[in-house]
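**Student:** So that we are looking at the same thing, I have put the structure below in structure tokens.
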Amino acid sequence: MINDDFKRWALNFGSCDGGDIGSPKNPSIWLCGLEWGGGFKEEELQNIFKNNDLKIPAIYEDCKENLKYQFNIKAIKLLAAINGEENHVKFNETFKPFSRGGKGYFKMNLYPLSFKDTNHSRWTEAISKETGFKDKDEYIKWIRLNRFPIFNSWAKEYRPKIIICTGISYKDDFIVAFGDQNTQLQERNFKDYKKFFYFKNSYGALVVIIYFLGGRHGLKSDEEIRQTGKEIAKIYEAYLSELD
């Protein structure tokens, strides 16, 4: 039996860092990761699930918090490059991504629970007790069937202009979350930098699936991140010209 508090949390804004989700008149750029890192404390799970108020969150009161975490620093550099900005610190101060009062940027994760890594051995009996799933495989299957359609409905309702998904090896998951059965995935190779995939979804968003921001095989250097951002901007500009 799936825990009702977990279900309510997972099918809303659970593990979404939030920010400005946007609207059809003022579309945002969404950044979607796989799952939070670090791991939850098992004894806190019950309170986390119960205390969800279902509102769109903003993880930081002050945008300077973005610059304390490696993933967010890389994310800010990528978003700055897409926006044509060279100085990511200035960009962060101006647009305040994912923060209170910020405009134009929203951050989320496919899977709501937090683990130190993606190894299925991180699943414990305590997590089973608090969620109702016997193992991580069962949890993943349920999330794909129930949470991914919620994300698709958000894309239809809020109409983001770009959805950036981090994790090439999870591209099938991102297609389910933000695409449909008619999705035509395209591959972009450019210069000596890492490739990425992209498609246009049914609601007008450009969905881009890139390598992880950091990690052994991900986008590590500032130049890799900058060039990837610039290439995403080129594709989006070409997309807009097709609509004119």
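**Student:** Tell me whether the stretch 120-240 comes out rounded, prolate or oblate; compute the Cα gyration tensor, take square roots of the eigenvalues as a ≥ b ≥ c, and use a/c under 1.5 as the rounded threshold.
**Tutor:** Oblate.
**Student:** Follow-up question, since we're still on this one. According to a simple spin-label model (label point 7 Å from Cα along Cα-to-Cβ), what is the distance in nm between Lys103 and Lys25?
**Tutor:** 1.3 nm
**Student:** Given the stretch 61-141, what whole percent of its Cα pairs are spread farther than 17 Å?
**Tutor:** Within the stretch 61-141, distances greater than 17 Å cover 56 percent of Cα pairs.
**Student:** If you stretched the chain out fully between Lys64 and Glu42, how much longer would it get, using 0.36 nm times the residue separation minus the C-alpha to C-alpha distance?
**Tutor:** Roughly 5.0 nm would be gained on extension.
**Student:** Can you tell me the dipole magnitude for the stretch 161-244 around its Cα centre, using point charges on the Cβ only (Lys, Arg +1; Asp, Glu -1), in Debye to the nearest 20?
**Tutor:** Magnitude of the dipole: close to 240 debye.
**Student:** Which of Lys64/Lys171; Lys77/Lys171; Lys41/Lys116; Lys74/Lys195; Lys64/Lys161 have a Cα-Cα distance over 20 Å?
**Tutor:** Lys64/Lys171; Lys77/Lys171; Lys64/Lys161
**Student:** Roughly how many Å is it from the Cα centre of the stretch 67-139 to that of the stretch 151-229, as a whole number?
**Tutor:** Result: 15 Å between the Cα centres.
**Student:** Could you give the C-alpha radius of gyration of the chain expressed as a fraction of 2.2 N^0.38 Å, taking N as the number of residues it contains?
**Tutor:** For the chain, the normalised Cα radius of gyration comes out at 0.99.
**Student:** Further question on the same structure: Under a point spin-label approximation (7 Å from Cα along Cα-to-Cβ), what is the Arg8-Glu237 distance to one decimal in nm?
**Tutor:** Here the modelled spin labels are 4.8 nm apart.
No lab work stands behind these numbers, since they all come straight from the coordinates. These numbers come from a predicted model, not from an experiment. As a convention, Cβ positions derive from the backbone with ideal geometry for all residues, glycine included, and neighbour counts pool all protein chains shown.
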